Amino acid sequence: MLAMTRHGAGHLPPLVLLHGFLGDRHDWRAMLPLLGRHFHCLCIDLPGHGDSRAVELPTPGLSACAAMIVRCLEAAGIGQFHLLGYSLGGRIALQLAREFPTRLLSLSLESSHPGLTTTAERAARRQSDSLWAERLEHAPIREFLRLWYASPTFAELTPEAREALVARRSHNSSLSLLNCYRATSLALQQDLSSVPAGLGCPCHYFSGALDRKFSALAADWQSPGLQWHCLEDAGHNLHLQAATEFGQRLLAALGEHSPC
């Protein structure tokens with residue numbers, strides 16, 4: 001069973017939050033005081049992460065992970081829910097939305113990729129992921145983390161912010177992360193860009209203007225029913241870099257209201 005913590009009164013609408021690769025359920029803590037006034041927040045540790053580090057996935061594993069999350073929520077008495085996913089968590093959220101569409105009250109994606117569309121793109125990503133998997137398997141965890149956060153996706157981070165993330169993530173198990181990384185590779189993900197158009201609930205995409213890659217991706221992702229929200233002074237990780245603004249924008253998108 002996946003590890004999960006709850007925040008906010010149980011009678012409020014459920015909001016499920018899925019963190020990104022290398023993170024855990026505590027990554028959302030800066031947003032929870034705000035979100036918890038309006039939602040019953042359920043923060044889940046994904047397989048290989050946090051207190052779910054012993055949970056393994058088959059390869060490919062996005063579908064299995066989505067099913068695990070649904071079973072975890074069913075065990076907690078949660079049938080329908082709002083769903084928010086960041087990066088890897090957003091890709092898993094898209095898979096869950098495709099396979100369990102009637103469970104969703106809304107879908108919100110933060111800096112998430114809908115999937116590659118060509119054989120060439122998948123081949124290039126497969127090669128890149130193989131190199132990162134090799135580093136994760138053989139390099140000390142702190143060395144891997146410094147390489148990871150030096151990638152262009154996190155270009156807006158200051159050296160101090162990078163080192164803070166390295167320290168925060170260094171408790172992770174490399175082998176547990178490796179299983180999840182290989183199982184959820186973007187090279188194995190189907191193109192899920194059409195999923196929002198088929199859902200009967202509100203769908204939102206959030207990105208930071210300083211994250212040029214995912215803002216460009218969002219601009220190109222023309223899907224009926226998907227509304228794009230861009231935060232001007234944030235990069236890839238909105239809930240870390242702009243927790244208050246992101247929380248307020250999310251509440252407004254979902255029809256809730258928060259005092260400034």
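The values are calculated or read from the model by the stated rules, or taken from the named source; none is laboratory data. Everything numeric here is computed off the predicted structure, so don't read it as measured data. Every residue, glycine among them, receives a Cβ derived from its backbone with ideal geometry; neighbour counts consider all protein chains shown. Calculation scope for accessible area: heavy atoms of the full protein, side chains included, ligands and nucleic acids excluded. Shrake-Rupley method; radii C 1.70, N 1.55, O 1.52, S 1.80 Å.
What list of ³J(HN,Hα) couplings, whole Hz, do you get for the range 121-133 from phi and the Karplus terms 6.51, -1.76, 1.60, once you set θ to phi - 60° and write x for glycine and proline?
5, 5, 5, 5, 5, 4, 5, 5, 5, 5, 5, 5, 5
Give a residue-ordered list of calculated ³J(HN,Hα) values for the range 11-26 (Karplus: 6.51 cos²θ - 1.76 cosθ + 1.60, θ = phi - 60°; whole Hz; x for Gly, Pro).
The phi angles translate into 7, 6, x, x, 10, 9, 10, 10, 6, x, 4, 6, x, 7, 5, 7 Hz.
With charges set only on the Cβ (+1 for Lys and Arg, -1 for Asp and Glu), what does the dipole of the chain come to about its Cα centre, in debye to the nearest 20?
300 debye
Leaving out ligands, DNA and RNA, and with a 1.4 Å probe, what % of the accessible surface on the range 84-240 is carbon or sulfur?
54 percent
Multiply the residue separation of Arg135 and Ala252 by 0.36 nm, subtract the distance between their alpha-carbon atoms, and state the gained length in nm to one decimal.
Difference between extended and current length: 38.0 nm.
What accessible area per residue, rounded to a whole number of Å², is obtained for the range 16-160 using a probe radius of 1.4 Å?
Heavy-atom accessible area per residue stands at 40 Å².
For Tyr181, what is the net charge nearby, where nearby means another residue's Cβ is under 10 Å from its Cβ and Lys, Arg count +1, Asp, Glu -1?
Summing Lys/Arg as +1 and Asp/Glu as -1 gives -1.
Placing +1 at every Lys and Arg Cβ and -1 at every Asp and Glu Cβ, with all other atoms neutral, what dipole size does the range 64-201 have around its Cα centre, in debye to the nearest 20?
With only Lys, Arg, Asp and Glu charged at Cβ, the dipole is about 160 debye.
Go through the range 156-260 and name the trypsin sites (Lys or Arg not before Pro) that are in a DSSP coil and have 16 or fewer other Cβ atoms within 10 Å of their Cβ.
Here no loop site has a sparse enough neighbourhood.
Using modelled backbone amide H atoms (1.01 Å from N, in-plane), which distant-in-sequence or interchain residues come within less than 5 Å of Leu105's amide H?
Phe81, His82, Leu83
Quick one: Karplus J couplings for the range 134-145, per residue in order, coefficients 6.51, -1.76, 1.60, θ = phi - 60°, nearest Hz, x for Gly and Pro?
4, 5, 5, 6, 10, 8, x, 4, 5, 5, 4, 4
Give me the percent relative contact order of the chain, please, defined on Cα pairs under 8 angstrom at least 6 residues apart.
Reported relative contact order: 21 percent.
Where both partners of a DSSP beta bridge lie in the chain, what percent of those bridges are antiparallel, to the nearest 5?
Of the beta bridges lying entirely in the chain, close to 15 percent run antiparallel.
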